[in-house]
Amino acid sequence: MKERTLKVLEFDKILLKLASKMETSIGSDHLSKEAVSIDINIIETKQRETTEGVKKIISKGHPPFGGIYKIRDYV
């Protein structure tokens, strides 16, 4: 997506607001890497994943993320 469009939409502020809602630093890292897409297939997939996640949270409650650690450096 064009830089000017992101600036006009104040996308950086949206990302900061979303990052403040993340329960782990892993989520924040993922957010910054996956933030923008103009591919309709990716957008629809992300929307389905979000809908599924919201349904799980509503039915089961928030999952405990307290014991999550980054292991990518060790794998």
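The values are calculated or read from the model by the stated rules, or taken from the named source; none is laboratory data. Just so it is clear, the structure is predicted and the values come from calculations on it, not from any experiment. With ideal geometry, Cβ positions are generated from the backbone for all residues, glycine too; neighbour counts draw on all protein chains shown.
For Ser25, the test of being surrounded by 10 or more Cβ atoms within 10 Å (Cβ to Cβ), of a type in the set (Ser, Thr, Tyr) and touching a residue at least 40 places away in the same chain (Cβ under 8 Å) is passed. In this structure, is Leu6 surrounded by 11 or more Cβ atoms within 10 Å (Cβ to Cβ) and over 13 Å from the mean Cα position of the chain (by Cα)? When the stated conditions are applied, Leu6 passes them. Residue count for region 34-57 satisfying the condition of being of a type outside the set (Val, Ile, Thr), loosely packed, with under 10 Cβ neighbours inside 10 Å and modelled with pLDDT under 90: 1.
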